[in-house]
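> Okay, here's the structure, questions in a sec.
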Amino acid sequence: MSKYQIAVVVGSLRRDSFNRKLASAVVKLAPSEFSFKQVQIGDLPLYNQDDDANQAESVKRLKNEIKGAQGLLFVTPEYNRSIPGVLKNAIDHASRPYGQSAWAGKPAGVLGVSVGATGTAMAQQHLRNVLAYLDVPALGQPEAFIQVKDGLFDEAGNIGADSKKFLQNWMDQYVAWVKKHAA
């Protein structure tokens, strides 16, 4: 069993999501003492405070997966200059009821990829604002605003040669961040 279990939250439900592909590829750059599991967020009901006392099984599952992790990796697209609703819904569910947040204190990394030149910069900034409120220490540097271009992924779905050095450096910094902050 790996020493560091990381919950990966992909902010896209699209089957052929670039962000899901990035999440699957970048985790291969981590050392063997780290293991990564993508948590499911597409089956969560819309958040409603009336349900806090009787949370759905899918919400309980998400909260347990987050609580059991030593760190978090968010990989999100940018929708209308912010984070997707499905990601915000998952964040809201796992932070409730008030005072019982599963996110608190978990070190996080934030990545995203898009076809646009700014590569999810606004979504990442909005996500960092939310995470700061939830007491989630997020890796600040290096930032990774990634644009989908030929060569980002190789034919096997791994990080391509042109991006590997940059993303390996990001992963190395993320690993050090988790080790520093994991309880």
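The values are calculated or read from the model by the stated rules, or taken from the named source; none is laboratory data. What you see is a predicted model, and the numbers here were worked out from it, not measured in a lab. Neighbour counts are summed over all protein chains in view; Cβ atoms, including those assigned to glycine, are modelled from backbone coordinates with ideal geometry.
> Is it true that some residue in the stretch 132-151 is assigned to a loop (DSSP other than H, G, I, E, B), modelled with pLDDT of 95 or more, of a type in the set (S, T, N, Q) and out of contact with any Asp or Glu (no Cβ under 9 Å at 6 or more places or on another chain)?
There is at least one residue in the stretch 132-151 that is assigned to a loop (DSSP other than H, G, I, E, B), modelled with pLDDT of 95 or more, of a type in the set (S, T, N, Q) and out of contact with any Asp or Glu (no Cβ under 9 Å at 6 or more places or on another chain).
> Which one is surrounded by the most Cβ atoms within 10 Å (Cβ to Cβ), of the residues in the stretch 27-49 that are touching a residue at least 60 places away in the same chain (Cβ under 8 Å) and not aliphatic (A, V, I, L, M)?
Per the criteria, the residue is F34.
> Oh, and also: Could you list all residues from the stretch 2-26 that are more than 21 Å from K149 (Cβ to Cβ) and either crowded, with 18+ Cβ neighbours inside 10 Å or in contact (Cβ under 8 Å) with a residue 24 or more places away in the chain (or both)?
Passing the criteria: S2, K3, Y4, Q5, I6, A7, V8, V9, L13.
Yes or no, residue by residue, for (1) part of a helix (DSSP H, G or I); (2) among the aliphatic types (A, V, I, L, M); (3) touching a helix residue (DSSP H, G or I) at 6+ places or on another chain (Cβ under 7 Å):
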site	(1), (2), (3)
V9	no, yes, yes
R15	no, no, no
N19	yes, no, no
L22	yes, yes, no
A25	yes, yes, no
K28	yes, no, no
P31	no, no, yes
S35	no, no, no
G42	no, no, yes
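> From the list G112, G71, G140, exactly one residue is surrounded by fewer than 14 Cβ atoms within 10 Å (Cβ to Cβ) and under 21 Å from W177 (Cα atoms). Which is it?
Result of the check over G112, G71, G140: G140.
> If I filter the stretch 82-98 for residues that are farther than 22 Å from Q49 by Cα and part of a loop (DSSP other than H, G, I, E, B), do I get at least one hit?
No, the stretch 82-98 has no match at all.
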